[in-house]
1. Please give the helices (runs of 4 or more DSSP H) falling wholly within the range B:189-268 in which 3 or more residues are surrounded by fewer than 21 Cβ atoms within 10 Å (Cβ to Cβ) and assigned by TED's automatic domain parsing to the domain that holds B:ALA408.
2. Kindly list, by first and then second residue, each pair from a residue in the range A:356-379 that is of a type in the set (S, T, N, Q) to a residue that is assigned to a helix (DSSP H, G or I), limited to pairs with Cβ atoms under 9 Å and residues at least 6 apart or on different chains.
3. Of the conditions (1) at pLDDT below 95; (2) surrounded by 14 or more Cβ atoms within 10 Å (Cβ to Cβ), A:MET242 clears all except one; give me its number.
4. For the range B:268-312, enumerate the residues that are at the interface with chain A (Cβ under 7 Å from one of its Cβ atoms) and under 20 Å from the mean Cα position of the chain (by Cα).
5. Can you report the number of residues in the range A:256-279 which are closer than 17 Å to B:GLY37 by Cα and in contact (Cβ under 8 Å) with a residue 12 or more places away in the chain?
6. In the range B:342-367, how many are within 13 Å of chain A (Cβ to nearest Cβ) and assigned to a helix (DSSP H, G or I)?
7. For the structure I just gave you, tell me whether A:LEU180 is surrounded by fewer than 18 Cβ atoms within 10 Å (Cβ to Cβ), within 7 Å of another protein chain (Cβ to nearest Cβ) and not polar (S, T, N, Q).
8. Can you tell me which residues in the range B:76-114 are over 38 Å from the mean Cα position of the chain (by Cα), over 13 Å from B:ILE140 (Cβ atoms) and exposed (fewer than 14 other Cβ atoms within 10 Å of the Cβ)?
Amino acid sequence: MPPSVVFLTLAILATVGFLMGRRRAVGLASGPGALHSLPGYYGYYVAVWCGIPALLLAVVWLTAQGPIVRALVEAAHPALFASRSVSEASLVWSDLFNLISGVKAAGTASQDLLGAATQYSNLLSISHAALAVIALALAIAGMAYARGRISPTMRARNAVERFLMWALLACSIVAVLTTLGIVLSLLFEAMRFFGKYPLLDFIFGTEWSPQTAIRSDQAGSSGSFGFLPLLYGTMMITVIAMIIAVPVGLMSAIYMADYATPRIRSIAKPALEVLAGIPSVVYGFFAALTVAPAIRNMGQSLGLDVAGESALAAGLVMGIMIVPYVSSLADDVIHAVPQSLRHGAYGLGSTKSETIRQVVLPAALPGIVAAVMLAVSRAIGETMIVAMAAGLAAGDFDFNPLKAVTTITVQIATLLVGDQEFDSPKTLSVFALGLVLFCVTLTLNFIALRVVRKYREKYD
Amino acid sequence: MTDLVDRRTGAHTSDDAAKRLAKRYASERNFRAFGMGAVLFALAALLLLLYTIISDGYKAFVTTNVTVTAQISPELADPGGKREVNDLRRGDYINIARQAIRADLPEVTARQDLRELYGLLSDGASVMIRDRVLRDPSLIGQSITLKVPVSSDVDMFNKGKIVESDIAGGNARVTPKQLGYYKQLQEKGLISTDFNTWFLSSGDSRQPELAGVWGSMVGSILTLAITLALAFPLGVASAVYLEEFAPKNKWTDLIEVNINNLAAVPSIVFGLLGLAVFLQFFGLPRSAPLAGGVVLALMSLPIIIIASRAALRAVPPSIRQAAMGLGASRIQVVTHHVLPLAMPGILTGTILSLAHALGETAPLLMIGMVAFIVDTPHSVTDAATVLPVQIYLWADSPERGFVEKTSAAIMVLLAFLLAMNAVAIFLRKKFERKW
C-alpha cells in the first residue's frame, strides 16, 4: 500500500469517525440541552483522535524510513559501498535508483547492484506495508477510544478547542523552525568548509578562484577562497543600485505624496507597483540583453573600454528594480510625519519644497535611513540580475564601474548548480557565503525594523 | 501691522526681497521638476522594459512553416510491417521528411545541394510526421500534405531578425544556397507564417524552433500547488494564533521578530536551506516540484502571515465582543466570525505572495530545477522546471532563435502574474468593506 493510499484511507477514516461520533452523541442525548457540547464537536473529537496520531506517525515514519533503509542496504552490500567516499556512494545510489525506475536496463547492471536494488525495493515495500498496518491500526484504536469516551457530560468542545489551540501554536512555530533550519544548515556546512579552509584566509583573502583540483595530482589548482573580491563586487553593484534607487525612489514618493494630482497618482502608483511585481529574472534578461550592450556601445563611442558584463549595467537595472521598494517604504515614512508639522511650516511662510526639505525630511530621516538599509539588504541578496548580467570572475579592486565584477550571490548560484557532491571545499564554500549573506542581511533588517518601529511609536 | 514693518525695514518689498522670493520660487519649481523627473524615469524604465520584451517576443508566437507532401511509404514508416506502435515509433521519418522537401524542389539533385536543402527543415518536421502517423496508422501507404517548421535561422530570416548580409557574411547558420532554396519555395507559395501552437504545447528543446513553454508551465503550476497547499493553512493558522490568541510575552515577541526578519531573508538562502535540509537530509527528489514547492512555501509563509494578520486586525473588535457576548467561545469567535470576515483580505495577500513565488528563480536553481527537461512532468516528484527558470536557461543559450523565445516566455510569465494580480484586485474591490 503506497503512502498516498495510506493518507487517503486516514482521511476517509477520520470522516467516518466524525460521522460516528456525531451520531453517537445525538443518540446519547436524552433531550435538548442534555449534551455538554454541540453534536458536531463530538464528531470532531473522534476525528481528531482517529486521524492525528496516525498522521503524525506516518509523517515521522516516512521521514525516517529513507535513511534507515539506505543504511541497511549499505550494510548488507559492503562490496558496493564499503570504503567509498560520500560522492562515490551517491553515484552508486543514483545508479541504483535508475535501475529501479527503469531508466537503466537491468542487463547492464552488475550482480551486486541488482541484488542491492532488489533488497532496496523489498525493504521499501516492507516498510510501506508495516506503515499501512500500524497507522491504520492506530487510527482505528484512536477512533474506538474516543467513541468510548463520549458521554452527555463529556466536554467535547473544550477538548477540540484545546487541540486546535495547540495546532495553531505548532503552525506559528514553523516560521521559527525555518529560521532555525536556515541557521543550523548554514552553520553546519560552513563549519565543514572552515575545517578544510582556514577562516582567516576566507575573510581576508584577496583572491577568489574556487576551481579545485579534480585529481589530486593536478598542479596549481588547490582553489583559493578569499572573500574580499566578492565583497568588493557586491558593494560596487549595491552602491550603483543605491545611487539610482534612493534619489529616484525618494523623490517619486515625495512627488506622489505632496505634488501629484490624483490623475497622475492614479497612473504612477500602479506603474510603480507593476515595476515591483516584475520578476527579477526578467530584469536580469533586460540587463543582459538590452542595457549591457547599450552601455558598451555608448562607452565605445566615447572611447572607453567597457566590459560586456559591466558592474554598471547590473547595478543600473538593480537600481530600477529597487525604486518601487524604496518609494513605497519612503511613502509610509513620509505619511507618518504628522500633518501639524507641515501646517506649522506653511504657517511660517515656507514653500512646499522648503517644508519638505527642512521639516518633513528631517523628521522622517530615521525612517528613510531604515528604508535605505532595507533596500541595501535587498540589493545584496538579489541573485538573478547579477547572475545574468554580472561577471563570474573576480574583478580588480580599482573601483571602475565599467569592469566586470562578481558578487556573493553570483558565486552561490553558479558554484552549486548541477553539483551533487557535498564534500569539496568548492561546494561547501557556498554555505560559508550563504552564512555571510544571511548575517549581513539579517543585521541590516533587524536594525532597520527596530528603527522603523521606534520611530512609528514616537508619532503615534 | 505688516505694512508698518515693511515700511520701516523694507524687508519684504525691496528689490533684494523680490530676488530672494524669485530664487525661492525657482528652487520650488526645480524641486517639483526633480520629483516629476523621478516619476517619469521610473515610468520610462517600465515602458522601455516592456517595449523591449514585447518587440522581441511577439514574433515567437508565430512560426515559419513550409508545406510539404510526404509519402508515407510502408517500408520506411513501418519496417516491421505489423502496424505495431513500437515498430511505428522506430520508422525512418527523417527520410520521409527529406523526400517530402525534395518533392517540393525536384530540380535539386546533386548530393551536396540536397544536404543543404534538407538543412532547411527543422528536426521537428520528422517528429510531426511521426506523430501524425502514430495517431492514425491508416495513413501508411498514402501521402499527406502538412506544414512543417523550418530550421531556426531560416525562421529568423523570415521574421527579419537575420538579414541577407548576415548570411552572405557567414554570420548565420544558413548558407546563401539555402537562402536561394528558401526563396524558390517562397515563390512557389509553399512558405507560410502561422500561429505557433508548438511553442505553447511542448517542452524544452535544444532547437529554438522546437522549444516550448508548456513543460515549464505545468512545472510552475505543480510547484505553486504544493506551495499553496502548505503555505496557506500554515500561514493563516500562524496569523490567527499570533493575532487572536497568543499571550503577550517574550516568546510571542520572538516569533514576531523572527517572522518579520524571515520576510526579508534573501530568497537564495531559502534555496540553500532546501538543498541542505530537504534534499540532503530528508532525501526529497532533486529537480522536483515537490521540493521546489516546499522551499517556496517557506519563503512565502512570512508574507502570508503578515498579510493575514493585517486582514485580521482590520476586523473591528465590536464583532468579537458581540460574538463573545452571545456566549461564543474564543475559538468560535474566530472560526465563525472573524476569519470569514478577514478571508477576502487573507486571500488577496495569499494570491499576491503566490504571484511573487511564481516569479522566483534563485532558490529553485539551488535545488536543481535548472536541468534540461523535455518531458512534461506528470506528478510532483517528476523532474521539472518552472517558467522563470526556463527563461533563465533560454537567456543563457547562445542561439539567436532563443532570444525571441525568452522574450515570449517572459510575456507568458507576465500574463500569468497579471492574471493573478487581477484576481487579487478583484477580490479586494468586491469584498472590501469599510467598518
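The values are calculated or read from the model by the stated rules, or taken from the named source; none is laboratory data. This is a predicted model, so every value here is computed, not measured. Virtual Cβ from ideal backbone geometry, glycine too; neighbours counted across all protein chains shown.
1. It comes to B:214-240, B:250-262.
2. Pairs that qualify, where the first residue is of a type in the set (S, T, N, Q) and the partner is assigned to a helix (DSSP H, G or I), are A:GLN358/A:ALA345; A:SER377/A:VAL440; A:SER377/A:THR441; A:SER377/A:LEU442; A:SER377/A:THR443; A:SER377/A:LEU444; A:SER377/A:ASN445; A:SER377/A:ALA448.
3. (1)
4. Correct list: B:ILE268 only.
5. Residues meeting the conditions: 8.
6. 13
7. Taking the combined requirement at face value, the residue does not satisfy it.
8. B:ALA103, B:PRO106, B:GLU107, B:THR109, B:ALA110, B:ARG111, B:GLN112
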